[in-house]
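These notes are about the structure you will find just below.
The values are calculated or read from the model by the stated rules, or taken from the named source; none is laboratory data. As the structure is a computational prediction, the values presented were derived from the model and not from experiment. Don't worry about glycine lacking a Cβ; one is built from the backbone with ideal geometry, like all the others, and counts go over all protein chains shown. SASA here: full protein model, heavy atoms, side chains in, ligands and nucleic acids out. Shrake-Rupley method; radii C 1.70, N 1.55, O 1.52, S 1.80 Å.
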Amino acid sequence: MTVFAFTVQEDQHLERIDTFIATQNDEWSRSQVQTWLKEDFVLVNGEKIKRNYKVKQGDEISVSVPDPKPLEVIAENIPLDVYYEDADVIVVNKPRGMVVHPALGHETGTLVNALMYHCKDLSGINGVLRPGIVHRIDKDTSGLLMVAKNDVAHEKLADQLRQKTSVRKYIAIVHGVIPHEEGTIDAPIGRDKSDRQSMTVTEDNSKEAVTHFRVLERFDEFTLVECQLETGRTHQIRVHMKYIGYPLAGDPKYGPRKTLDIDGQALHAAVLGFNHPRTNEYLEFSSPIPEVLENIIEQLSR
């Protein structure tokens, strides 16, 4: 059990207790906090409180977070679309609908489960649940990922992401017709205080986020774009395109309800480039747009 302590500030006065606590840590969800409240793991000024309590300026809040239960990752014989592999790194093309690493509710069938079976020798830097994972893409985003097979390779690949020297280009279908040919979105991204499961453009507790985009094709009500990441924040392309008024088609979290008939956001990680962690040779890989997106583009072109 780990105990966290917080003091309510003036601008947080009268926030719901679960909302207040959830905003203190990016890894905490409101539903998780509500469970802690129910189990009396939360005290205000040393006293138990009701779950609908509204915090007051100066309140001293303590949260006793239970130690996480270990989650065993099972190696599963799931086919992988491998684009490159050697003793240091493996590049895979993830299909739409596959979760990258295990979590509650997704303990099996993930990319990590498949990699554990295929590789046997992944970097341990990100722990048992995320072995070898240097960067990730969302469940309903398809495309290319680099995975490290040892800790040295992991550190060097992660450093390229930090130094913005790797290349990551995505293909997306967005709502609206973008009038200009290209642009750059330089807007910091952080957790949405009103919805802890979402990210948003904000100056509060945010990190630098830069996305470059260019128009590939225009349709009557949609645009096909290529987005290149300079940084790699959670949901970055989805948040940034919504921010400038062109949300991704099919996006259940950031897009409009009336959208294309597609299960999840129309987003594909099409190009991945990096310097090999051992030889320093530049490697670049391209993945074709998946059939489901090709079919939609064809329909929009008619």
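Descriptive notes on the structure:
- The single condition from (1) under 27 Å from E281 (Cα atoms); (2) of a type in the set (A, V, I, L, M); (3) open to solvent by 40 Å² or more (accessible area, probe 1.4 Å) that L104 fails is (1).
- Within segment 22-52, being of a type outside the set (A, V, I, L, M) and in a strand (DSSP E or B) holds for one residue alone: E47.
- Qualifying residue in segment 53-67 (condition: without any contact (Cβ under 8 Å) to a residue 40 or more places away in the chain, assigned to a loop (DSSP other than H, G, I, E, B) and surrounded by fewer than 16 Cβ atoms within 10 Å (Cβ to Cβ)): no
- Screening T19 on (1) touching a Leu at 6+ places or on another chain (Cβ under 9 Å); (2) outside any loop (DSSP other than H, G, I, E, B) shows it passes everything except condition (1).
- Condition broken by S123, with the remaining ones in (1) free of Cβ contacts under 8 Å to residues at least 60 places away in the same chain; (2) part of a strand (DSSP E or B) satisfied: (2)
- Close Cβ contacts (under 9 Å, 6 or more residues apart or on different chains) running from residues in segment 189-203 that are closer than 15 Å to I21 by Cβ and open to solvent by less than 40 Å² (accessible area, probe 1.4 Å) to residues that are acidic (D, E) and not in a strand (DSSP E or B) comprise R196/D26.
- Counted residues, segment 159-188 - those being over 16 Å from E230 (Cα atoms) and open to solvent by less than 80 Å² (accessible area, probe 1.4 Å): 7
- Whichever residue in segment 77-96 is in contact with an Asp or Glu (Cβ under 7 Å, 6 or more places away or on another chain) and not aliphatic (A, V, I, L, M) and, among such residues, is least open to solvent (accessible area, probe 1.4 Å): N93
- Restricting segment 136-158 to residues that are open to solvent by 20 Å² or more (accessible area, probe 1.4 Å) and assigned to a loop (DSSP other than H, G, I, E, B), the residue that is farthest from L248 (Cα to Cα): N150
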